[in-house]
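A short write-up of the structure that comes next.
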Amino acid sequence: MQKFIDAYSWINIRFLLQGLWVTIEISVASIVISFILGTILGIIRYEKIKYLSAIVGFVIDIIRNLPLLLIIFFTYFGLPNIGIKPEIIPAAIMAMSIFESSMVAEIVRSGINSIDYGQTEGALANGLTRWQALRIIVLPQAIRNMMPALVSQFISLVKDTSLATIIVLPELMYHAQIIYGQNTNYIIPMFVALAVLYFIVCYSLSLLAKYLRRHLA
């Protein structure tokens, strides 16, 4: 019991919270970027634009079937070989965004396909352009339908930030490793703290998604 009390000293808690803040920063940035980019890529795939949709689909299939860890390695260790030298945090955001964009693109494409095409035809018949029909009629409904899948994917993104410890990203998991590396008695207390903090972040994201879904409804 004493090791739990000692493990949760203010110094350790503050150090963990510093790592948590980095995790949140990277997660929020990656979620925003991947949602925007993934939505654009998903629409391109849905619209079946000649050549472009096929190329985008091919690239997405490649990225979706690669381990995220490999993409993190490539962005941090591979890009410097071609003259691009990102810092640790931008490299992590870049890797997460690239990987998640491919996942979001498929979710968006499936979400749009779930909307009856008759609604698009009706919008076109009423004088809307195809883009207006997609933006005003189809996409809002599709986003509501794909909200559970998006939330699940973004929750996975939050948890996957721990993979970036491999490039010494100072996020939550890395800070916990430093703490229990100095005292092995803190291993279990740190794992408990990690479970609680990840749960708080991921559950908060779920609650936000439920609120947004009710708002969209």
In square angstrom, what is the accessible area per residue of the chain with a 1.4 angstrom probe?
55 Å²
On the first, second and third principal axes, largest extent first, how far apart are the outermost C-alpha atoms of the range 96-217 in Å?
70, 28, 16
Semi-axis lengths, Å, the range 2-216, gyration tensor of Cα atoms, sqrt of 5 times eigenvalues:
39, 22, 11
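Where in the chain are the helices, taken as whole DSSP H runs, whose Cα atoms extend 24 angstrom or more along the long axis and whose Kyte-Doolittle mean reaches at least 0.5?
Numbers: long enough: 10-47 (54 Å, 1.39); 88-113 (38 Å, 1.19); 139-160 (29 Å, 0.54); 187-216 (43 Å, 1.50).
Answer set is 10-47, 88-113, 139-160, 187-216.
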Using a Förster distance of 41 Å, how high is the FRET efficiency between Asn185 and Thr129, based on the Cβ-Cβ distance and rounded to 0.05?
0.05
Between Ile11, Ile72, Ile31, which gets the highest mean-square fluctuation from a Gaussian network model of the chain, Cα cutoff 10 Å?
Ile11
If the only charges are +1 at each Lys and Arg Cβ and -1 at each Asp and Glu Cβ, what is the size of the charge dipole of the chain around the Cα centre, to the nearest 20 debye?
400 debye
For Asn113 and Phe74 in the same chain, what is the full-extension length gain: residue separation times 0.36 nm, less their Cα-Cα distance, in nm?
10.7 nm
What number, rounded to the nearest 500 deg cm²/dmol, is the helix-based mean residue ellipticity at 222 nm of the chain, given -39500 (n - 2.57) per DSSP H run of at least four residues and division by all its residues?
-25000 deg cm²/dmol
For a quick size check, give me the Cα extents of the range 88-141 along its three principal axes, largest first, whole Å.
51, 18, 13
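What's the carbon and sulfur percent of the chain's accessible surface, probe 1.4 angstrom, rounded to a whole number? Can you show the working numbers first?
On the way: 8000 of 11860 Å².
Percent of accessible area from carbon and sulfur atoms in the chain: 67.
The values are calculated or read from the model by the stated rules, or taken from the named source; none is laboratory data. Quantities reported herein were computed from a predicted structural model and do not represent experimental measurements. Cβ atoms come from the backbone with ideal geometry, glycine included; neighbour counts cover every protein chain shown. Accessible surface areas use protein heavy atoms only, side chains included; no ligands, DNA or RNA. Shrake-Rupley method; radii C 1.70, N 1.55, O 1.52, S 1.80 Å.
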